[in-house]
Amino acid sequence: MSTAVVTKQRTPVRPARILLHVFLVTTSLAWLAPLVWAIFAALRPYSETSDKGYVSWPDKLTFDNFKNAFEQSDMLHYFGNTLIIAVPAVLLTLLLSSMVAFYVSRFDFRLNIALLLVFTAGNLLPQQVIITPLYRMYLLIDLPGVTASGKLYDSALGLVLIHVAFQSGFCAFVLSNYMRMLPHELTEAALVDGASVWRQYWQIVLPLCKPAMAALATLLSIWIYNDFFWAIVLISTGENMPITSALNNLSGQYFTDPNLVAAGALLTAIPTLIVYFVLQRQFVSGLTLGANKG
Amino acid sequence: MSADITTTSPETAPQPSPGPAPVDKRVPRGHKRLLTRRDRVTLAFMAGVPTVLHVALVWVTAIASIFLAFTSWDGIGFDSIKWVGLDNFKQLFSDNPQFWPAVEHNIIWFVVLILIPTPMGLFLAVQLDKKIRFSRVYQTAYFLPVVVSLAVTGFVWQLVYNPDTGLINSLIGANKPGHYIDWIGDPHLNLWAVLVAASWRHTGYMMILYLAGLKGVDPSLREASSLDGANEWQTFKNVIFPTLRPTNTVVLVVTIIEALRAFDLVFVFNKGAQGTELLSILITNNIIGESSRIGYGSAIAVVLLVISLAVIIPYLIATFRKERRA
C-alpha cells in the first residue's frame, strides 16, 4: 500500500485484488439481474414466452411490447401529467426553500433555529402520518374554475403544493448549511452600499448557491417524478394521474401479459435513468450534502 | 413572523467556519441597524410564505391527526365529528387483527434493513473506496435500484417472483402445477420476498452514504495506521469505523424512517394483503378503501407519528446542538 502511494502507481495485481474484482463483478451482476430480466421479458413476444416459458432461448426479440405499452396506455399523456406536476414543484421548492434558508442563515433572528427545526422535522415525518387530514382538507377546499375537479383534491395543483411543502424541509436544511459557509463580508459590503435584502438574496447569495441548487434540483426531480404515495391518495381520476400511479392503474386494468407490464415499467423508469446518467455527479452530491452535515 | 425580526441574539449565530483560533469575539454584525422597513417586510415575506405553506400542510395536518384520533367522523360534515376519547386506540390495540402484525412487520422491516443491506452497503463502500479499477461501473450497478422508483421496483420484482412465469420459480423448477411456490401470495413468504426487493434498493443507498463518509476520512489516519503495522481489518475497525460516527447516525435515522415509511413496494405487490400488513398501508386503506373511518385511520397515524418523533427529535437536537457549537 505505502509503496503504491509513494510511486503513484496502481496497486500491483495481487490475488486479493483479483478476488475482490470477482466478488464485485458477481454482486453487481446479481444487482442488475432483476432489471435485465425485465428487459429480457419486455423484448419477447407474449406468444413465444407462453409457449416456451420465460427461461428459454429467444427466437426473436422485438420492441413491440414497448411500442404497444406506450400506445395502448397513452403513456405520453401520463408523462405530460408528471411534467406539469414536477416542473413547477421543483422550481417552487427551490425558490421557497432558498428564501427560508437565506433568512435563517444570513440573519441572527431568535427564532431561526426553531424555524429550521420545524422544516427539517417536517420532512422526516412519514407521509402517512399526515395523509388522513390532508385528504379531507383537499376535499374541503373548493377551487371552482382553478382546477378541473373544482377542488384541491384530484388536481395537479394539489400535488404540487404538497410536494413543495414537504420537500422544502430537506432543501431548506441543505441550503441553509450551504449559505452559512458563504463569507458574511459578501452581503455586508452590499448592505453598506445600500442594496436591499432582496437584491442580496437574488443577486449575491443565490448565484453562489448554484452547485447546491443543481444537486437539489436533480434529486427533487427524481423524487417527485418517482412519487407514488401522494398520487395514489390525492388523485382519483385515472386521467389525472402521473405516470407512476397510472402504471399501477393500467397494469390491473389493461395489461394482461407480464411482458407488456415489464415494458411499461421500464418505459416509466427511463426518464429517471436518463437524469441519473446525465447528472450523476449532482445527484450523488445532493444525497450526501444533507447526510454529511448530520 | 414580524416580532422576531427586531430581536437579535448573536450568541446563537453559527460561525461560518471554524477559524484557526477562536479569537474573534463575535463582533455584532449590525444587520439590524441597516435594515430598512422595506427590507424587514421583504424578509418577513421570504420566511413567511414558505413557512405558512409548510406548517399548514405538514404540521397542522399532523396535529389534526392527533385531534381526529380521539373522534369518530364519517368525513361528511363537521357536525358529525364526535369525541370518543380513547375508543379508537382501544379498538386498534385489542380488536384489529391487522394492527399488531403491521407493527411487527414494520419492526422486522427495520431489523432486516439494518442487519443485511446496511453492512453490505458499508462493505461495498469500503471496497470501492480503495480506488480500484471500474469503481464507477460497480457503483452504478449497485446504485441503479435507488434511482428507479419503488413502484417500478415493485413491478420488476413481481416479474422475478411470479409463480408461473417468474425467474426464480422457472430456475428452480417450481412453476409446475402442484409445485408452486407462491412468493407473493403465501403469507409466510411474501414479507421476506418484499424485503429482498427493499434490501436490493437499500444497499445502494447505504453504499453512497458511506462512500461520502469515507471520503471525509483524513488519509493521514490511514497512513499512520499502516505505519503502525495494522492490517486492513484492524485499520478499519480501530481507525476508520470510529471516524464514520456521524455517517452511522445518519444511516440509522434514515433506515428507521425508511422502515416506517415503507409503502410503495408492498402496495404494488399485493396491497398489503395477508402477510405484508404495514402501518402505512393500514392508514392508506382507511382513505382509499370503501370505509371512511377517519378517526380510526388517524389513530394509526398517531402511533406512527409517536414512533417517528421518538427518532426525529433526539436526532435533530443532537444535529443542531453540534451545529451551534461548530
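The values are calculated or read from the model by the stated rules, or taken from the named source; none is laboratory data. From a predicted model like this one, the values you see are computed outputs, not experimental measurements. Here the Cβ is made from the backbone with ideal geometry for all residues, glycine too, and neighbour counts use every protein chain on show. For accessibility, only protein heavy atoms count, side chains too; no ligands or nucleic acids. Shrake-Rupley method; radii C 1.70, N 1.55, O 1.52, S 1.80 Å.
In segment B:146-175, what residues drop by 40 Å² or more of accessible area when the other protein chains are put back, versus the chain on its own? Use 1.4 Å, and skip ligands and nucleic acids.
B:VAL147, B:VAL148, B:SER149, B:VAL152, B:PHE155, B:VAL156, B:LEU159, B:THR165, B:LEU167
What's the local net charge at B:PHE70, with K and R +1, D and E -1, over the other residues with C-beta under 15 Å away? If you can, show how the numbers build up before the last one.
Details: positive: B:LYS82, B:LYS90, B:ARG293; negative: B:ASP87.
Surrounding charge for B:PHE70 is +2.
Per residue, how many Å² of accessible area does segment A:132-216 show with a 1.4 Å probe?
Details: 3280 Å² over 85 residues.
Ligands and nucleic acids excluded, the figure is 39 Å² per residue.
Long-range amide H contacts for B:ALA273: which residues qualify at under 5 Å (H placed 1.01 Å from N, peptide plane, sequence gap of 5 or more or a different chain)?
Amide H to amide H, under 5 Å and 5 or more residues apart or across chains, B:ALA273 pairs with nothing.
Averaged per residue, what accessible surface does chain B expose to a 1.4 Å probe, in Å²?
Details: 15590 Å² over 326 residues.
Ligands and nucleic acids excluded, the result is 48 Å² per residue.
Whenever you get a sec, compute what percent of the accessible area on segment A:138-294 sits on carbon and sulfur atoms (1.4 Å probe).
Working: 3540 of 5720 Å².
Answer for segment A:138-294: carbon and sulfur cover 62 percent of the accessible area.
Quick check: net charge around B:TYR205, other residues with Cβ under 14 Å of its Cβ, Lys/Arg +1 and Asp/Glu -1?
Details: positive: B:ARG201, B:ARG261; negative: B:GLU258.
My count for the surroundings of B:TYR205 gives +1.
Per residue in segment A:83-103, which ones lose no less than 40 Å² of accessible surface when going from chain alone to all protein chains (1.4 Å probe)?
A:LEU96, A:MET99, A:TYR103
If you roll a 1.4 Å probe over segment B:242-326 with all protein chains in place, what percent of the accessible area is carbon or sulfur?
Working: 1920 of 3170 Å².
Of all accessible area on segment B:242-326, carbon and sulfur atoms account for 60 percent.
So which trypsin sites (Lys or Arg not before Pro) in segment B:128-169 end up in coil per DSSP with only 16 or fewer other C-beta atoms within 10 Å?
Values: sites: B:LYS130, B:LYS131, B:ARG133, B:ARG136; in loops: B:LYS130, B:LYS131, B:ARG133.
Those that pass, being in a loop and sparsely packed, are B:LYS130, B:LYS131, B:ARG133.
At 222 nm, what helix-only mean residue ellipticity would chain A give, in deg cm²/dmol to the nearest 500, using -39500 (n - 2.57) for each DSSP H run of four or more?
After summing the helix terms and dividing by the residues of chain A, the value is -23500 deg cm²/dmol.
Can you run phi through the Karplus equation (6.51, -1.76, 1.60; θ = phi - 60°) for segment A:41-58 and list ³J(HN,Hα) in whole Hz, with x for Gly and Pro?
Values, residue by residue: 5, 5, 7, 10, x, 4, 4, 5, 5, 6, 6, 9, x, 7, 8, 7, 6, x Hz.
How long are the semi-axes of the equivalent ellipsoid of the protein assembly as shown, taking √(5λ) for every eigenvalue λ of the Cα gyration tensor, in whole Å from largest down?
Values: eigenvalues 324, 244, 109 Å².
Taking √(5λ) for each eigenvalue gives 40, 35, 23 Å, largest first.
Counting only protein heavy atoms and rolling a 1.4 Å probe, how much accessible area do B and A lose on contact, total for both sides, in Å² to 100?
Values: alone 20600 and 17400 Å², together 27960 Å².
Rounded to the nearest hundred, the buried surface is 10000 Å².
Output the DSSP H helices from chain B with an along-axis C-alpha extent of no less than 15 Å and a mean Kyte-Doolittle hydropathy no less than -1.0. Working shown, then result.
Details: long enough: B:37-54 (26 Å, 0.27); B:99-115 (24 Å, 1.62); B:117-128 (16 Å, 1.19); B:135-147 (18 Å, 0.56); B:150-161 (16 Å, 1.50); B:190-215 (38 Å, 0.81); B:245-261 (24 Å, 0.91); B:294-325 (44 Å, 1.28).
Those that clear 15 Å and a mean of -1.0 are B:37-54, B:99-115, B:117-128, B:135-147, B:150-161, B:190-215, B:245-261, B:294-325.
Sorted by average packing, counted as other Cβ atoms within 10 angstrom per residue and highest first, what order do B:260-270, B:106-116 take? Provide the component values of the computation, followed by the final result.
Numbers: B:260-270: 23.7, B:106-116: 17.5.
Output ranking for B:260-270, B:106-116: B:260-270, B:106-116.
Give the accessible surface of segment A:46-95 per residue, rounded to a whole number of Å², with probe radius 1.4 Å and ligands, DNA and RNA excluded.
Values: 2990 Å² over 50 residues.
So segment A:46-95 comes to 60 Å² accessible per residue, rounded to a whole number.
Excluding A:TYR54 itself, calculate the net charge of residues whose Cβ lies under 14 Å from the Cβ of A:TYR54, where each Lys or Arg counts +1 and each Asp or Glu counts -1. Show your work: numbers first, answer last.
Numbers: positive: A:ARG44, A:LYS52, B:LYS176; negative: A:GLU48, A:ASP51, A:ASP59, A:ASP257, B:ASP164.
Local net charge: -2.
Please give the per residue volume of the convex hull enclosing the alpha carbon atoms of chain B, rounded to a whole number of Å³. Mind dumping the intermediate values first?
Numbers: hull volume 70.9 nm³, N = 326.
Measuring per residue, one finds 218 Å³ for the Cα hull of chain B.
With a cut-off of at most 11 other beta carbons within 10 Å, and DSSP calling the residue loop, which GluC sites (Glu not before Pro) in segment B:238-326 qualify? Please list them. Provide the component values of the computation, followed by the final result.
On the way: sites: B:GLU258, B:GLU277, B:GLU290, B:GLU323; in loops: B:GLU277, B:GLU290.
Those satisfying the criteria are B:GLU290.
Can you give me the Cα centroid spacing of segment A:209-285 and segment B:228-295 in angstrom?
Centre-to-centre distance over Cα atoms comes out at 21 Å.
Could you pull out the longest piece of chain A with no exposed loop trypsin sites (Lys or Arg not before Pro) in it, calling a site exposed if DSSP puts it outside H, G, I, E, B and it has at most 10 other Cβ atoms within 10 Å?
Details: sites that count: A:LYS8, A:LYS60.
It runs A:61-294.
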